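My structure is below; once you've seen it, I'll send some questions.
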Amino acid sequence: NELLHDLQKLSDLNGAIKEIFGTQGQRRYLLVFQNPSELRPTGGFLGSIAIMDIKDGKIINLDVPAGGSYDIQGQLDQFVIPPTPLLLANKRWEFQDANWFPDFPTSAQKCAWFLEKGFGTSVDGVIAIDMNTIVALLHFLGPIFLPDYGVEITEQNFIPITQTIVEGSRDTGSPKQFLTDLAPIILEKIIEQLNTAESAFGLAAQIKNLLDTHSILLN
């Protein structure tokens, strides 16, 4: 009975994942990458972000600001007073500190609010991921070769290579470019697997584990 229950949960999750990825209709999501090495209430500092449009199971647009969350900061023309404890560090509340609330739906709503006020765009949902998510997805999807960087990204080398490339590109003004180039490839591979019957169930199981461990947060 427990096995059947788990299988049903995975089947339901697979359907939910397909709904999120717009297999019928169009969706727009804010993706936020949380860096757990800089702790925040929902899991980590909001570094890289992406605005993703999906229609009928295909990514039709992926905007990844080169400056990450700070690009929204530069566009916000409103002065927002932060929660009282945050005043000790910042006198002005901005996107990079939007995940102030341990309750993710509340933080997600605040992220979406800052995005709308800063970039003038609204979203259908917010998805937060961390390093563990990328590592786990690479384990499932397999290595990804990035010709522009001359490297093959695997679950074993993703974290050290990312740290090296991001740190080395800070002087160029685009420290997030590596993640900008990698993100659409991973997303396309995820959607490809969702449309393959023999792979969709395994992907759903992987994502369920990431949801259970809060490496992925959805709202």
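The values are calculated or read from the model by the stated rules, or taken from the named source; none is laboratory data. Note that this is a predicted model, so its numbers are computed, not measured. With ideal geometry, Cβ positions are generated from the backbone for all residues, glycine too; neighbour counts draw on all protein chains shown. Remember, those area values only see protein heavy atoms, side chains included, never the ligands or the DNA or RNA. Shrake-Rupley method; radii C 1.70, N 1.55, O 1.52, S 1.80 Å.
Can you give the net charge of the other residues whose Cβ lies under 12 Å from the Cβ of Val123, counting K and R as +1 and D and E as -1?
-2
Okay, next question. May I ask you to give the solvent-accessible area per residue for region 39-194, in square angstrom, as obtained with a 1.4 angstrom probe?
For region 39-194, the solvent-accessible area averages 48 Å² per residue.
Hey, what's the Kirkwood Rh for region 75-152 if you take every pair of different alpha carbons, in angstrom?
15.2 Å
Rounded, prolate or oblate: pick one for region 101-145, where a ≥ b ≥ c are the square roots of the eigenvalues of its C-alpha gyration tensor, a/c under 1.5 means rounded, and failing that, prolate if a/b is larger than b/c, else oblate.
Prolate is the answer for region 101-145, as a/c is 1.5 or above and a/b outweighs b/c.
How do Phe158, Phe119 rank by accessible surface area computed with a 1.4 Å probe, from largest to smallest?
Values: Phe158 0, Phe119 70 Å².
Listed by decreasing accessible area, they come as Phe119, Phe158.
Would you be so kind as to identify which of Ile165, Ser122, Ser199 lies farthest towards the positive end of the dipole of region 73-219, taking Lys and Arg as +1 and Asp and Glu as -1 on Cβ and the Cα centre as origin?
In region 73-219, that residue is Ser122.
If you don't mind, there's one more thing I want to ask. Percent of Cα-Cα pairs per 10 Å bin, from 0 to the last occupied bin, for region 99-219, please list those.
Histogram of Cα-Cα distances, whole percents per bin: 11, 35, 37, 17, 0.
Moving to a separate point now. In whole angstrom, note down how far apart the Cα centers of region 107-172 and region 181-219 are.
Between the Cα centres of region 107-172 and region 181-219 lies a distance of 14 Å.
Give me P(r) over region 21-104, computed from all C-alpha to C-alpha distances, binned every 10 Å, as integer percentages.
17, 39, 32, 11, 2
Can you send over the carbon and sulfur percentage of the accessible area for region 84-148, probe radius 1.4 Å, protein chains only?
55 percent
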